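A short write-up of the structure that comes next.
The values are calculated or read from the model by the stated rules, or taken from the named source; none is laboratory data. Quick caveat, the model's predicted, so the values are computed rather than measured. Using ideal geometry, Cβ is built from the backbone for each residue, glycine included, and neighbour counts are taken over all protein chains shown.
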Amino acid sequence: MLFRSIKLIEEWLPEKKYFNADKCIGIDKTVEKIFTPDDKQSHLFLDWLLRFQLNQLKKSHIEQKPIYQSAELQKLAPSRIVEILEVLAGCMTINAKKMMEEIFELFLTNCEVYTYRELSVCLITFSKKYKTKELEVFNFEKLINPIVAIMEKELKAPERSSGDWSIMDKNICNCADCKILTQFLNSQKESQKVWPLSKDRRQHIHRMIDNMILPVTHKTEHTGSPHKLKLNKTNQLFKQSKERRLDLAETLGALSKVLNTKN
Ligand SMILES: [Zn+2]
């Protein structure tokens with residue numbers, strides 16, 4: 001077993017970069033190849049490997065929380081989720097239920113990093129590899145039920161009314177100008193802002209709006225001193241709200257079926 005494991009670990013560490021390797025790509029497959037049901041050693045080794053991987057991933061994912069705006073976090077959520085789901089699949093292979101529960105907890109307490117809509121989509125795909133009974137044995141309802149509840153709650157909230165221009169996305173920058181920007185974004189009534197601002201500060205606001213991927217145009221009017229930054233919330237805001245609800249309802253329907261109707 002040991003020799004075979006070393007061979008497989010070497011495949012995980014291409015170019016023999018032993019000390020730089022931070023994760024085992026496709027760990028679920030590596031676990032499947034190494035696992036021998038009656039061999040305690042293989043079980044202990046794989047438990048260690050999965051734990052190591054989980055800790056590495058957790059660290060690198062959670063570190064991204066304060067650095068990225070929520071839209072950026074959301075864009076990368078699927079790749080993060082898939083990495084963790086590979087560990088989860090490995091845990092299922094070696095029956096590491098405690099580690100699985102820890103992964104469920106990780107997902108549910110870090111919704112900014114593992115956004116629940118993206119998590120749902122990944123879970124729907126993931127669940128197709130398993131039978132309902134297997135998912136039940138591993139208590140997947142402990143993960144799926146709370147996600148369903150969060151999505152239902154969002155869907156039950158009233159739709160955006162036609163005059164509501166508020167944008168509630170959090171800005172990770174706390175500078176004085178960003179506080180003014182946030183006030184404008186949060187305002188229900190204000191859809192436009194003309195803001196005399198020096199070049200550096202204008203550029204900072206341009207960058208923040210771009211990073212936050214907001215339905216807000218930002219242009220500079222080159223008159224007066226300092227020049228004026230012109231911000232305009234666009235109708236895309238209302239379109240996005242509608243699309244989000246439709247998408248959420250569809251995803252929720254598919255996720256609810258995962259434990260209910262699969263055979
Ligand atoms: Zn700022």
Where residues in segment 172-208 are buried (at least 16 other Cβ atoms within 10 Å of the Cβ) and away from the ligand (no atom under 11 Å from the Cβ), which of them is nearest to Pro66 (Cα to Cα)?
Leu185
Out of curiosity, is Ser166 more than 16 Å from the ligand (Cβ to nearest atom) and modelled with pLDDT under 95?
no
